[in-house]
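Colleague: Below is the structure I would like to discuss, written out as structure tokens.
None of the figures in this text is laboratory data; all of them are computed from the coordinates on show. Not measured: the values here are computed from a predicted model. Positions of Cβ are generated from backbone atoms using ideal geometry, with glycine treated the same way; all protein chains shown enter the neighbour counts.
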Ligand code: PFF
């Protein structure tokens, strides 16, 4: 096959492969690394409730909108808007998506690199005999060092590039299909252990009992950002993936199933973390980006067979990160291949090198570059905030306006129903959500958080 895939585009094959690829994109560090620490910093139960409502009312409609745009146009995130809305400014959404993909890839690979280091530490029995304070210190020394985290980050970006190079079908589908069920089982096992530790009940109360006094405009924006980041929406990763879906894929069911799976994994990660934290006497808002790396080794040390469990856990987390990072890199690579006629190999190399360059600054944010800050945030946090809480929600806002107001309703309906082959139960609801609820809600959350509007 020619490496230039313009007319003869590669695509996904089986129904399970599609679900696994989309769920593989959604389920990743966002659920297991980001969700617990954002919940911890945002006060627990009330945040969870807001987050869940955002997934249902805003996330699923945005995801389905991306599927409609992607499969209808069969193009990358920029080309999709150019094809459906030629001669307009709509492709700007694609440009924003490509910028977001870049930024996310840069900081995502930092955390994925930490995960690889923790695979290594697990294998070499690095947690053995250490108490909570020592495990925390061990993490902080690693996090602030200069060489090792960068090496792991480069290894991770290279792994992502290798999978991207083997093409959509062979690469993405194959890797996404295997091993995800294992991650689920392991998280269940960890959750069981976490809730049976002494003093763990307070952790469950923290996670599930809403205290609405903890909500503020920035916490609500944070919940929106977390929902979008975790579902992989707002930058066209799912436009790109759905451009490879076959005509018979049921888009609504896929959006629903992927979102539910994503939420389940995030909540399980919360159950694995918070009870254990309270049992260890740690404060939920304490860990920051290092939270899971400080807490989970303690749990592994208290599990029968903890050595094997910790190796398995970090390997599976690294794989979950990989199936997400390929969906992020594919946004940029598909764009370069289709819009600039670039060979896939060159597009991948350019993307990987550029992401590694920006990524370097993210990785050094706690060490060599710790003094470079903006409004009290280090480089990593600035990039994470900009991508997750600004670019993704803004992209999502424009995407629902595009589907709800620009596209003809019959076009949207034809795409969702596979040209009339499927019965659509929630079409009216979907239309209402994308036209009114989602755009208005996202706009209000935004304006409220930046202080233009006060509600
Ligand atoms: N959803 C992924 C995760 O939860 O780890 C991260 C991600 C992938 C964000 C793809 C955005 C994206 F477009």
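Colleague: Using the count of nearby Cβ atoms within 10 Å as a rough guide to exposure, how do 263, 99 rank from fewest to most? Could you put the intermediate results ahead of the total?
Modeller: Working: 263 22, 99 16.
Lowest to highest Cβ neighbour count: 99, 263.
Colleague: Can you give the translational diffusion coefficient of region 141-287 in µm²/s, computed by Stokes-Einstein from the Kirkwood radius over Cα pairs at 4 °C and 1.567 mPa s?
Modeller: This corresponds to a translational diffusion coefficient of 69 µm²/s.
Colleague: Compute the angle between helix 306-340 and the longest alpha-carbon principal axis of the chain, please, reported from 0 to 90 degrees and rounded to the nearest 10.
Modeller: Approximately 30 degrees, to the nearest ten.
Colleague: Find the relative contact order for region 297-455 and round it to a whole percent, using C-alpha pairs within less than 8 Å whose residues are 6+ positions apart.
Modeller: Numbers: 67 pairs, mean separation 18.4, N = 159.
For region 297-455, the relative contact order is 12 percent.
Colleague: Separate question: Ratio to report: Rg/Rh of region 1-110, with Cα atoms as the point set and Rh obtained by the Kirkwood method; give two decimals.
Modeller: Result: Rg/Rh = 1.02.
Colleague: Then there's this: Does region 341-455 come out rounded, prolate or oblate by the C-alpha gyration tensor, with a ≥ b ≥ c the root eigenvalues, rounded set by a/c under 1.5 and, if not, prolate when a/b is larger than b/c and oblate if not?
Modeller: Because a/c hits 1.5 or more and a/b fails to exceed b/c, region 341-455 counts as oblate.
Colleague: Restricting to DSSP H runs of at least four residues, report the calculated mean residue ellipticity at 222 nm for the chain, -39500 (n - 2.57) per run over all residues, nearest 500 deg cm²/dmol.
Modeller: -21000 deg cm²/dmol
Colleague: What does the highest-first list of 55-62, 384-391 look like by mean Cβ count within 10 Å?
Modeller: Details: 55-62: 23.5, 384-391: 22.0.
So the peptides 55-62, 384-391, ranked by packing, come out 55-62, 384-391.
Colleague: If I take all pairs of Cα atoms in the chain, what percentage of them are more than 42 Å from each other?
Modeller: Counting every Cα pair in the chain, those more than 42 Å apart make up 11 percent.
Colleague: Decide, for region 49-136, between rounded, prolate and oblate: order the square roots of the alpha carbon gyration tensor eigenvalues as a ≥ b ≥ c, take rounded if a/c falls under 1.5, and otherwise choose prolate if a/b is larger than b/c, else oblate.
Modeller: In terms of gyration-tensor shape, prolate.
Colleague: With contacts defined as alpha carbon pairs under 8 Å and 6 or more residues apart, what's the relative contact order of the chain in percent?
Modeller: Normalised by residue count, the contact order of the chain is 35 percent.
Colleague: Let me ask another. Any idea how far the Cα center of region 265-296 sits from the one of region 348-362, in Å?
Modeller: Going from one Cα centre to the other spans 30 Å.
Colleague: Using only the alpha-carbon atoms, how far is helix 392-401 inclined from the longest principal axis of the chain? Give it as 0 to 90 degrees, nearest 10.
Modeller: 30
Colleague: Follow-up. Give the separation of the Cα centroids, region 316-343 to region 192-240, in Å.
Modeller: After rounding, the separation between the Cα centres reads 26 Å.
Colleague: Relative to the first principal axis of the alpha-carbon coordinates of the chain, what is the inclination of helix 291-301, with its axis defined by its Cα atoms, in degrees from 0 to 90 and to the nearest 10?
Modeller: Around 60 degrees separate the two axes.
Colleague: Would you please classify the overall shape of region 304-391 from the alpha carbon gyration tensor, given that a ≥ b ≥ c denote the square roots of the eigenvalues, rounded means a/c under 1.5, and beyond that prolate means a/b larger than b/c while oblate covers the rest? Working shown, then result.
Modeller: On the way: a/c = 2.25, a/b = 1.14, b/c = 1.97.
It comes out oblate by the Cα gyration axes.
Colleague: Further question: How many angstrom lie between the Cα centre of region 378-455 and the Cα centre of region 46-113?
Modeller: For region 378-455 versus region 46-113, the Cα centre distance is 9 Å.
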